[in-house]
Each structure stands twice: as structure tokens, then as C-alpha cells.
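Rule-based calculations on the coordinates, nothing more; no lab input. Computed from a prediction, not measured in an experiment: that's the story for all the values here. Cβ coordinates were reconstructed from backbone atoms using ideal geometry, including for glycine residues, and neighbour counts include every protein chain displayed.
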Amino acid sequence: MCSLRLAISLAGALVAAIASPVPLSAEVTVVDAGGRSVRVADASRILCIGGDVTEIAYALGAGNRIVAVDTTSQYPPEALKEKLSVGYMRALSSEGVISVGASLVLASERAGPPEVVKTLKASSVPYIEVPDAFSPEGLVQKIRLIARATGTEAEGDRIAQDATAGFAALAALRSKIAHPVRALFVLGVQNGRILVGGKNTSADAVLTLAGAHNVAAGASGFRPVGDEAVVEMAPEVIVGMRRTSDNDAHDLSQLLALKGVQSTPAGAASRVVLMDGAYLLGFGPRVPSAARDLMRALYPGLDAAGAQR
């Protein structure tokens, strides 16, 4: 009889344990990109602001806890399709962010406007600024910060290690490149001027990781430039974003029709590399793979052994 009572008691305890909600993560305190110590007690309803932030959160296995994203969250595709949207990350509204009912906000430090961010930081919902660093070390830092805040540190360790290994493989291949190609990243064409990626951009970082010399590195950020400046930069290859198949041909012809571009080695040879924008510039866990694919496009003679033919 005692054995039967004990068995019933244990079975009841097991059922109760299964039925009881288990915290998704223990309470933690993290130091964000702004140097603030932020306490996270509930990571069950997450708002991600920033394409890289969203991509990392999904990679960590926290996608089912994301309730809303911003419009730059292009990967994975289901993010914008299935989650609520708070609009463009640099044009947020306090009401829009608060209305999604998040228990944790993970936001790129590029989010804005500043007055809205200030208000959100002062609210009762933890607001964590994620660093916007375009470097291998910066990516690892982002991964570990988001993993700690969401209680997925073990998965964060794995993803960080994979990224580190990917960057190491890239470095080994770059060391075999005897003559770095002169490359120019073009974000778009507006009113006869092209918008190029200078230093302190993900475009510059990816070009560098892929073993190219960014001819626009003398500028900072994304800047419009005219024909004379393009001719002076003399890129051997132009890298741009692939949109839809219908727009690719139009965008390419519009770019190659510019007199300044036509007067460059890249324009004369019609040498343009187009890649998916979120993949190329997102600077999330896929960036080692994106840089590797760009490297293959820039150096088709770079074989598996790393010899430039």
C-alpha cells in the first residue's frame, strides 16, 4: 500500500511539474552597447529591432518568442510575414513599440529617433541596445549579448564558435590573394548619382572580409557621389544588391548607363556582382558565408586550396 501511495504521489508530482510553466530564462543582468546594466526577468515576448538582431535571435532558437520586428528584419523571410511590425527602425514611435506587448526589447544601437529611444529606455520593459559593430569580434559580441539576454547561451556559444571558424577560414584565403581587386559597393542610383558604401558600413566590412580594396573607404557611411568622383575611384568591379529578377536588369542598365561608371575599368568590362542585400549586408551569423560567396565572385580563380590562379 505504501508503495502504491508513493507511486501515485510521484506521478502526481510529475504531472504538476509538466503542467507548471517553466521560466524561459533565469533573471539576468546584461551590459548593453550603451554601457547600461539592464535586468531581464522575462524573455518570453521579444521585440527585435534591426535585421541583424532578428537574424541572430532566430538562429538562437528564440524565433517562437518574437512577437514583433522592424521592417529591416528581412531574414528569415517569415519574420516580416508572421510577426507584428513596428515600422522602420530609425522612425519608431513609443506607442507603436509599447503596443506590441513585448517583455523584452532587443534593438540595434542605430534605432531611433533618439527621443523615442530615450522614452523606451525609461519604460518598465527592458530595452537592450545591441552594438552595431562591423567586425568579426563585433558579431561575436552581438551573438553572446543576445544569447545571454534570451537565456540561450549554450546555443550562442555554438553559433559564435561557428562564426569564428568561418572568419578564420576567410583570413586563410585572403592571405593567398596577391592582388586585391579594387571594388566599389553601390547601394543605389538616384538622380544620376550613385550611393556608395564608405568606411564604418557593413558594405566596407564585407568587401574587406572578401579580400577586396574598397575604393570608397575615404568617405564615411553611405554617400552620394558624382561622375568625377567615380572616375577617380577607378573600381575594377562594382558590387550591388540583388532585388527581384525583374528589377535586376533595370538596375544594372541604369548603373552602367552612367557616364562616370562607363569610364571606370568596371564599367568598361561590365563587371558587376549582385548579391542579396540582407545576406550581403546583414552582418548576422551568415556574414562569413556571404563574404566567402563574394570572394568567389571577385576571385573566380581562387581554388579550394587557396591558390589564386
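Some notes on this structure:
- Extending 7 Å from Cα along the Cβ direction at H213 and again at D276 yields two label points whose distance is 3.2 nm.
- Structural size metrics of region 162-294, computed from C-alpha coordinates, are Rg and Dmax of 14.4, 44 Å.
- Stokes-Einstein diffusion for the chain at 25 °C, viscosity 0.890 mPa s, with a Kirkwood radius from C-alpha pairs, works out to 114 µm²/s.
- Cα-based Lys pair tally, region 79-225, threshold under 27 Å, eight or more apart or on separate chains: 8
- Contact order for the chain, expressed relative to its length and based on alpha carbon pairs under 8 Å spaced 6+ residues apart, stands at 14 percent.
- For the chain, the longest principal axis of the alpha carbon atoms and the long axis of helix 153-174 meet at an angle near 20°.
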